[in-house]
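The values are calculated or read from the model by the stated rules, or taken from the named source; none is laboratory data. The structure presented is a predicted model; accordingly, all values stated were derived computationally and were not measured. A quick note on method: Cβ atoms are made from the backbone with ideal geometry, for glycine too, and the neighbour counts reach across all protein chains shown. Remember, those area values only see protein heavy atoms, side chains included, never the ligands or the DNA or RNA. Shrake-Rupley method; radii C 1.70, N 1.55, O 1.52, S 1.80 Å.
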Amino acid sequence: VPMVMMHMRGNPKTMQHSSNTNYGDDNREGEGVIAGVAKELMQRCLEAEKAGIPRWLQIVDPGIGFAKNLNGNLSLLKGAEKLRKCCGNLPFLYGPSRKGFIGKISGEDDPKERDYGTIAACLATVRESGNGAGESCSILRVHNVKAMKQAVL
């Protein structure tokens, strides 16, 4: 059975504290949210291997909305292809559906009204790379399946 390795720092009560959302300078090599998330995800994957879960059964989830600020979430969406490469091209699951950062951008307080923003976020992760490497995302976690199906087909 495949296992999903999700990135998160802290716990649900502490994950949005600045100590958990600071990944350093995105403009410095080896720093920033993409480098930090990739490093921590690969550590989880190594721990999973040691626990008997082979790489071919591992799916990674960058944890959109978990221990990331607005810019961190946007960087992970924009840098989906780079992040996947940093993680050895393992299958990726993205779950931006109705998340708070979409509400911050759109001004929509009601999560059920964030489907348009969810579609935009998901499309950012499933776009073709243009270099023959395929898509950056393998699996989407969404609430409005019908709308997402129409968008990605």
- Within 10 Å, count the other beta carbons around each residue, average over each peptide in 68-76, 102-110, and list them highest first. 68-76, 102-110
- Message: Check which residues have an amide H placed less than 5 Å from Q58's amide H, if you skip close sequence neighbours.
- Response: M3
- How much accessible surface area, in Å² rounded to 10, belongs to the heavy atoms of V126 with a 1.4 Å probe? 30
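Which percent of the accessible area of the chain is formed by carbon and sulfur heavy atoms (probe 1.4 angstrom)?
Values: 4670 of 8710 Å².
Carbon-and-sulfur percentage of accessible area, whole number: 54.
So what is the relative contact order for region 28-150, in percent, with contacts set as C-alpha pairs under 8 Å and at least six apart?
On the way: 154 pairs, mean separation 29.3, N = 123.
The value is 24 percent.
Ranked by accessible surface with a 1.4 Å probe, highest first, in what order do V142, V1 come?
V1, V142
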- Take the Cα atoms of region 41-82, build their convex hull, and give its volume per residue in Å³. 76
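Could you size up the charge dipole of the chain around its Cα centre, putting +1 on the beta carbon of Lys and Arg and -1 on that of Asp and Glu, and report it in debye to the nearest 20?
Working: 21 positive and 16 negative charges, 50 e Å.
Computed charge dipole of the chain: roughly 240 debye.
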- Long-range tail of P(r) for the chain (Cα pairs > 18 Å, %): 58
- Message: Using 24 Å as the Cα-Cα cut-off, could you pick out the over-long pairs in K39/K82; K78/K99; K82/K146; K13/K78; K78/K104; K13/K149?
- Response: K82/K146; K13/K78; K13/K149
- Query: Where both residues lie in the chain, what percent of DSSP beta bridges are antiparallel, nearest 5?
  - Reply: 10
- For the pair K104 and D25, the simple spin-label estimate (label points 7 Å beyond Cα toward Cβ) gives in nm 2.2
- Work from the charge dipole of region 1-106 (Cβ charges, +1 for Lys and Arg, -1 for Asp and Glu, about the Cα centre) and give the residue of L70, A51, I102 farthest towards its positive end. I102
- Message: Could you report the chain's accessible area per residue, 1.4 Å probe, as an integer in Å²?
- Response: 57
- Between S18 and L90, what length comes free when the chain is fully extended (0.36 nm per residue of separation minus the Cα-Cα distance, one decimal in nm)? 23.0 nm
